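Chemist: One structure follows; several queries about it will come next.
Readers should treat all values here as calculations from the given coordinates under stated rules, not as data from a laboratory. What you are looking at is a predicted structure, and each value in this text was computed from that prediction instead of being measured. Ideal geometry is used to build each Cβ from the backbone, glycine not excepted, and the neighbour counts take in all protein chains shown.
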């Protein structure tokens, strides 16, 4: 089997206690250091949800997200 990478993750919280950044390694891409950024938090029926999320690989830089999610309208049923 291949080399075992450490499973360390770092969560960064804002002064309001909400997650702003999540640092992790993507094993499927060969151990690429990455970040998940969460912004534009909204209160939807009492649940606080980030309407904008983006996953970025350190190699690509902040201008090229691997995944970008922008939710314009959020409904909980």
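Chemist: Enumerate the strands (runs of 3 or more DSSP E) found wholly within segment 6-72, keeping only those where 3 or more residues are more than 12 Å from the chain's Cα centre (by Cα) and in contact (Cβ under 8 Å) with a residue 24 or more places away in the chain.
Modeler: 32-44, 47-57
Chemist: Could you check residue 75 against (1) exposed (fewer than 12 other Cβ atoms within 10 Å of the Cβ); (2) in contact (Cβ under 8 Å) with a residue 12 or more places away in the chain; (3) within 21 Å of residue 12 (Cβ to Cβ) and say which number it fails?
Modeler: With respect to (1) exposed (fewer than 12 other Cβ atoms within 10 Å of the Cβ); (2) in contact (Cβ under 8 Å) with a residue 12 or more places away in the chain; (3) within 21 Å of residue 12 (Cβ to Cβ), residue 75 is out only on (3).
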